[in-house]
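Have a look at the structure below, then the notes.
The values are calculated or read from the model by the stated rules, or taken from the named source; none is laboratory data. Bear in mind the structure is a predicted one, so any value in this text is a computation, not a measurement. Don't worry about glycine lacking a Cβ; one is built from the backbone with ideal geometry, like all the others, and counts go over all protein chains shown.
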Amino acid sequence: MWQVKIEIEPRGKQRPRLASKGRYARAYTPAPTVQWTKAFRLHLQQLWQGQPIPAGVAVGLKVVAVFSRPQRLLRRKDPEHRLYKTSKPDGDNVLKIVADSCNGLCWHDDAQVAEMQVQTLYAAKGEPACIELSIYELEPCQMYHSCDTGA
């Protein structure tokens, strides 16, 4: 298992946009998504050692997205610890941008991610925003065992 904490404000992957020029339409990724992906990959490249996990190997991914605590939750009566974040961006969009950012670096393609978990939280008071990432190879027995219903 490989675990890392990267201090960066999490964000969700935005949907592709369409632009037309004459009779032709083209899809493109919005600039904020491209910029965030580049910044995240830069941090990841400094920390990831070795080659990508080979194609065909099943991978597990756990993402804990810790967002900056909003001003409304910084009152004295508010709890000190992390709090669940139940607003936009959705956890699945955060997971998607992180998984796509790991392509070609941690694994060949995010299609290898067969097991995934995501949490979206607000930071504890005084804690910076970050993404906690855990990447692990799945053993064949783990893959089949987790599908076992026990019946």
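If you check A55, A114, A99, A39, which single one turns out to be in contact (Cβ under 8 Å) with a residue 12 or more places away in the chain and touching a helix residue (DSSP H, G or I) at 6+ places or on another chain (Cβ under 6 Å)?
None of the others qualify; the one that does is A99.
Among P79, P54, which is more than 14 Å from K125 (Cα to Cα), over 16 Å from the mean Cα position of the chain (by Cα) and surrounded by fewer than 19 Cβ atoms within 10 Å (Cβ to Cβ)? So that I can check it myself, show each step before the final result.
Numbers: P79 fails: more than 14 Å from K125 (Cα to Cα).
Criteria check complete, one pass: P54.
Might you let me know whether segment 82-95 holds any residue that is closer than 20 Å to L42 by Cβ and in contact with a Gly (Cβ under 8 Å, 6 or more places away or on another chain)?
yes
Could you identify the single residue in L121, L138 that is surrounded by 16 or more Cβ atoms within 10 Å (Cβ to Cβ) and modelled with pLDDT under 95?
Exactly one of L121, L138 is surrounded by 16 or more Cβ atoms within 10 Å (Cβ to Cβ) and modelled with pLDDT under 95, namely L138.
Find the residue count for segment 66-99, including only residues that are in a strand (DSSP E or B) and under 18 Å from K13 (Cα atoms).
Summing the residues that are in a strand (DSSP E or B) and under 18 Å from K13 (Cα atoms) in segment 66-99 gives 2.
I'm trying to understand the selection: among the residues of segment 34-65, which are out of contact with any Pro (no Cβ under 7 Å at 6 or more places or on another chain) and assigned to a strand (DSSP E or B)?
Correct list: I53, V59, G60, L61, K62, V63, V64.
Give segment 1-33 a look and list any residue that's among the charged types (D, E, K, R) and assigned to a strand (DSSP E or B), or say none. Let's see the steps before the verdict.
Initial filter on segment 1-33 (among the charged types (D, E, K, R)): 5, 7, 9, 11, 13, 15, 17, 21, 23, 26.
Scanning segment 1-33 gives K5, R17, K21, R26.
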